[in-house]
Amino acid sequence: MNYLVTGGAGFIGSHLCNRLLKNGDCVVCVDNLQRGDETNIRGCIKNAKFKFYKVDATDQESMEAIMRDQKTDMVYHLAANTDLWESMKDPELEHHCTFLTTQSILNAMRNTGVKKLFFSSTSVIYGEQKGSPFTEADELHPITYYGSAKMASEAYIYSFSYMNDIDALIYRFSNIIGDKMTHGVIRDFIFKLKNDPTHLDVRGNGYQTKPYLYVDELLSAILMIGKDFNGVEIYNVGATSCTNVRFIAEAVIKEMGLEGIPINYEDKEMGYKGDIVKYEYNVDKINKRGWHSIMSSDETVLRTVKELVREFGN
């Protein structure tokens, strides 16, 4: 198979490129390297079945040329803004990096005849949880610019699927963590403690609680379905258990050998405006397709803490 991966030098994208190559497929990676890192794909570049293009996915003309030249069978579209702090200050980041990349890819697929798309969506598309764990049938009420850009992208995918007979597989990721991750609370804590190991300041009261899934388990879910989908299929993908920020803070401190230092929590639930304080995922739908998470959310956090402390903590 000939696969095109947008955002392929990023956290999840680089892991996906590696896995596809191990399966013997041909992989074209497209990344503008604003958020991605070429070191993430250093091993891939040595593979004759891998090609890298430093191109912004909003460049529709270039995307069409790549799809034609490389005879693309399927697109894995993971390009998006990952710096949510920056987009809070400048919503245009989400419009350009998250929505317009999707529009460009869909137009390029329409013009080149590529009929299979994987799209990485997000749990924040649902907004704040008020009842039982989120299911794919729940209403969407995003409260962040990122969630809104993903919701708009999903809407575009629906219309392009119907009008152009494109099959689209949409995964709404929970919190995905692991080796090579470029942002998130674990990294934030590690770098805070590197800068000042005498204490740890935490946004919010530490009871913010979310499901964390290891990146390799996500890849297993993605590749399990492969090209076996029709029309638009949407799945929640995440752990069935959850972890709170206090657990993460204590795990990072312990792994860095700083036990006993004070942790300073704020007297408020929300760490920052737009933070989803607590949510759980219903993953029955993808479980019925045959995928089940292996590690609990806590186990995933502990593994990732060890990996990132080893990578960044010294």
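Just so it is clear, none of the values below were taken in a lab; they were calculated from the coordinates. Everything numeric in this text was worked out from a predicted model, so none of it was measured. So basically every Cβ, Gly included, is an ideal-geometry build from the backbone, and we count neighbours across all protein chains shown.
Derived scalar couplings between HN and Hα for the stretch 35-50 equal 10, x, 9, 4, 5, 5, 10, 4, x, 5, 4, 6, 8, 5, 8, 10 Hz in order, rounded to whole Hz, by the Karplus curve 6.51 cos²θ - 1.76 cosθ + 1.60 (θ = phi - 60°), x for Gly and Pro.
Please state the charge dipole magnitude for the chain, taken about the Cα centre, from unit charges on C-beta atoms (+1 on K and R, -1 on D and E), reported in debye and rounded to the nearest 20. If you can, show how the numbers build up before the last one.
On the way: 35 positive and 43 negative charges, 158 e Å.
For this selection, approximately 760 debye.
Helices in the chain, meaning DSSP H runs of at least 4 residues, each add -39500 (n - 2.57). Divided by all residues, the mean residue ellipticity at 222 nm is -11500 deg cm²/dmol. Percent of Cα pairs in the stretch 96-144 per distance bin of 5 Å, from zero to the largest separation: 5, 15, 22, 16, 15, 14, 9, 3, 1. Computed from the C-beta positions of GLU61 and LYS306 and an R0 of 51 Å, the FRET efficiency is 0.70 to the nearest 0.05. Close amide H partners of CYS29, meaning residues 5 or more places away or on another chain with modelled amide H under 5 Å apart, are VAL5, LYS51, PHE52, TYR53. Pair-distance distribution of the chain: all C-alpha pairs, bin width 20 Å, starting at 0; shares per bin in whole percent are 32, 59, 9, 0.
Inter-label distance, ASN164 to ASP73: 2.0 nm, where each label sits 7 Å from its Cα along the C-beta direction. Backbone phi angles across the stretch 298-311, fed through the Karplus curve with coefficients 6.51, -1.76 and 1.60 (θ = phi - 60°), yield HN-Hα couplings of 4, 4, 5, 4, 4, 5, 5, 4, 4, 5, 6, 5, 4, 7 Hz in residue order; Gly and Pro are listed as x. The stretch 1-55 and the stretch 271-314 have Cα centres spaced 23 Å apart. In terms of distances greater than 26 angstrom between alpha carbons, the cross-link table entries LYS115/LYS210; LYS210/LYS273; LYS22/LYS51 yield LYS115/LYS210. Taking amide H as placed 1.01 Å from N in the peptide plane, the amide H of ASP201 sits under 5 Å from that of ASN264, each at least 5 places away or on another chain. Value of Rg to Rh for the stretch 110-234, rounded to two decimals, is 1.05; Kirkwood radius and Rg both from alpha-carbon coordinates. Taking the inverse of the mean reciprocal distance over all distinct Cα pairs, the Kirkwood hydrodynamic radius of the stretch 39-99 comes to 13.7 Å.
Given the stretch 168-314, what whole percent of its Cα pairs are spread farther than 25 Å? The partial results should precede the final answer.
Numbers: 3564 of 10731 pairs.
Here the long-distance tail beyond 25 Å is 33 percent of all Cα pairs in the stretch 168-314.
The HN-Hα couplings worked out from phi for the stretch 106-115 by the Karplus form 6.51 cos²θ - 1.76 cosθ + 1.60 (θ = phi - 60°) are 5, 5, 5, 5, 4, 7, 10, x, 6, 10 Hz, whole numbers, x standing for Gly and Pro. In this structure, the amide hydrogen of MET74, modeled 1.01 Å from its nitrogen in the peptide plane, lies closer than 5 angstrom to those of ASN2, LEU4, counting only residues at least 5 positions away or on a different chain.
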